[in-house]
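See structure below.
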Amino acid sequence: MLIKTKSNILSSEITDRAVFESRREFIKAATIFSAGIMLPSLGHAEAGKYADVPVGPYSAKLPVTDREDVANYTNYYEFSSNKKDSTVLAKGLKTKPWSVEVAGEVEKPGVYNLEDILKDNPVQERIYRFRCVEAWSMVVPWIGFPLGDMLKRFKPTSKAKFVEFTTIYNPKVMIGQRSGGLDWPYVESLRIDEAMHPLTMMVTGMYGDELPNQNGAPLRLIVPWKYGFKSIKAIVKIRFIENMPETAWHKSAPNEYGFYANVNPEVSHPRWSQRRERVLGSSLFTPKRDTEKFNGYGAEVAALYSGMDLKKYF
Ligand code: MTE
């Protein structure tokens, strides 16, 4: 288990894990107590679908960012480049039923219903740090399962060296897809060993409930040691391939967004430094936090890149 210390995050501005836990317990108790008595909805995510899931490995002891900040400050260019707009715009995306096409270098290709995937992959909660390439960060209790467990069931062949993920293409609803910006649909990829790493998660929920649409419902990736743009939302296709594919952000600006995108304070983005980060929910007067290499997950993942020049392969 990854244990971390609190950093320069003001506890008054972030929901502490203990508070988060006790609120969950309280809401659970309140929900049980109120069963049968017609009370208005509590409106707390913690009382939701995933209120009782177990805490999985690698769950860091960190102060959790307030859910409202995580749900109302999102990057979802299929809807808008404005971080507040997707909360409303993404509501129109129909996420049930949902299926995922599995293709490429794999013995069991096919179209899999998300419900069936979830039957095979019990979910757990993991609190991860998350760092956006735009130098803001947050700590989120994600609900999901290890991506590698799912991928192994599809039986990748020995030729599968990379895994490519594709977001749904639906310009009727995803109004950002009607114009340029990125070459739609959004595509991301991981090397197969990165995809199989036990930290890498397929995520279906957060804060004890289902994912809000703007955070990538019904199925998104979370790769906590990489910049946020690798964590693709609303996945409809997973393809196993032999060669490194082109990815959405790399295609749009190859000198700014490398394939690896490992969080690295020593490698600046061409237009800004990556040394420090603003913690989501903190005030403008709160000092920024020092960014950690691999976002603090170096003990778990640095070996994946041994011998590689991470300035060249950024
Ligand atoms: N996935 C899709 N399909 N479209 C996007 O625009 N933005 C990425 C990533 N996944 C994005 C995406 C970026 S830049 C970040 S920082 C994270 O989602 C943000 O996740 P969040 O909005 O849940 O905080």
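The values are calculated or read from the model by the stated rules, or taken from the named source; none is laboratory data. The model shown is predicted, which means the values in this text are computed figures rather than measured ones. Every residue, glycine as well, gets a Cβ built from its backbone with ideal geometry; the counts of neighbours run over all protein chains shown. Quick note on the areas: whole protein, heavy atoms, side chains included, nothing else; ligands and nucleic acids left out. Shrake-Rupley method; radii C 1.70, N 1.55, O 1.52, S 1.80 Å.
Filtering Val163, Val173, Val140 for residues that are hydrophobic (A, V, I, L, M, F, W, C) and near the ligand (Cβ under 10 Å from one of its atoms) leaves a single hit, Val140.
Pairs linking a residue in region 134-158 that is under 27 Å from Pro265 (Cα atoms) and modelled with pLDDT of 95 or more to a residue that is open to solvent by 20 Å² or more (accessible area, probe 1.4 Å) and assigned to a loop (DSSP other than H, G, I, E, B), with Cβ atoms under 7 Å and 6 or more positions apart or on different chains, are Pro146/Pro198.
Using the structure shown, decide if Lys172 is among the basic types (Lys, Arg), closer than 25 Å to Tyr305 by Cβ and either open to solvent by 40 Å² or more (accessible area, probe 1.4 Å) or assigned to a loop (DSSP other than H, G, I, E, B) (or both). Considered against the rule, which asks whether it is among the basic types (Lys, Arg), closer than 25 Å to Tyr305 by Cβ and either open to solvent by 40 Å² or more (accessible area, probe 1.4 Å) or assigned to a loop (DSSP other than H, G, I, E, B) (or both), Lys172 comes out as no. Taking the condition farther than 24 Å from Pro141 by Cα, within 13 Å of the ligand (Cβ to nearest atom) and without any contact (Cβ under 8 Å) to a residue 24 or more places away in the chain, does His269 pass? No, not satisfied.
Assigned to a strand (DSSP E or B), of a type outside the set (A, V, I, L, M, F, W, C) and open to solvent by less than 20 Å² (accessible area, probe 1.4 Å) - does that describe any residue in region 66-79? Yes, the conditions are met somewhere in region 66-79.
With respect to the conditions (1) of a type in the set (D, E, K, R); (2) open to solvent by 60 Å² or more (accessible area, probe 1.4 Å); (3) at pLDDT below 95, Lys4 falls short on a single one, namely (2). Among the residues of this structure, Lys233 does not count as one that is under 15 Å from Ala261 (Cα atoms), in contact (Cβ under 8 Å) with a residue 24 or more places away in the chain and under 14 Å from the mean Cα position of the chain (by Cα). Taking every residue in region 159-186 that is within 20 Å of Val203 (Cα to Cα) and charged (D, E, K, R) and pairing it with any residue that is in a loop (DSSP other than H, G, I, E, B) and more than 10 Å from the ligand (Cβ to nearest atom), at least 6 positions away or on another chain, the pairs with Cβ-Cβ distances below 6 Å are Glu164/Pro245.
Tallying residues that are buried (at least 16 other Cβ atoms within 10 Å of the Cβ) and under 14 Å from Ile168 (Cβ atoms) within region 87-98 yields 4.
Filtered by the rule that a residue be more than 7 Å from the ligand (Cβ to nearest atom), more than 9 Å from the chain's Cα centre (by Cα) and over 16 Å from Thr166 (Cα atoms), region 210-226 gives Glu210, Leu211, Pro212, Asn213, Trp225, Lys226. Taking the listed residues Glu242, Glu246, the one that is within 30 Å of Lys96 (Cα to Cα) and either modelled with pLDDT of 95 or more or open to solvent by 60 Å² or more (accessible area, probe 1.4 Å) (or both) is Glu246, with no other qualifying. Remark: Arg178 matches the filter, which requires a residue to be open to solvent by 10 Å² or more (accessible area, probe 1.4 Å), within 16 Å of the ligand (Cβ to nearest atom), more than 13 Å from the chain's Cα centre (by Cα) and at pLDDT 95 or above.
Listed by position, the strands (runs of 3 or more DSSP E) inside region 107-169 whose residues that are open to solvent by less than 10 Å² (accessible area, probe 1.4 Å) number at least 3 are 124-131, 136-146, 162-167. Does Ala103 fit the bill of being more than 16 Å from the ligand (Cβ to nearest atom) and part of a strand (DSSP E or B)? Considered against the rule, which asks whether it is more than 16 Å from the ligand (Cβ to nearest atom) and part of a strand (DSSP E or B), Ala103 comes out as yes.
Every residue, every condition in (1) over 15 Å from Lys226 (Cα atoms); (2) open to solvent by 20 Å² or more (accessible area, probe 1.4 Å), yes or no:
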site: Pro265; (1), (2): no, no
site: Pro270; (1), (2): yes, yes
site: Gln274; (1), (2): no, no
site: Leu280; (1), (2): yes, no
site: Ser283; (1), (2): yes, yes
site: Pro287; (1), (2): yes, yes
site: Thr291; (1), (2): no, no
site: Phe294; (1), (2): no, no
site: Leu304; (1), (2): no, yes
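Pro245 fulfils the conditions (1) within 12 Å of the ligand (Cβ to nearest atom); (2) of a type outside the set (Lys, Arg); (3) more than 21 Å from Met138 (Cβ to Cβ); (4) in contact with a strand residue (DSSP E or B) (Cβ under 7 Å, 6 or more places away or on another chain) except for a single criterion, (1). The listed residues are Ala261, Ala195, and the only one of them that is among the hydrophobic types (A, V, I, L, M, F, W, C), away from the ligand (no atom under 13 Å from the Cβ) and within 19 Å of Phe294 (Cβ to Cβ) turns out to be Ala195.
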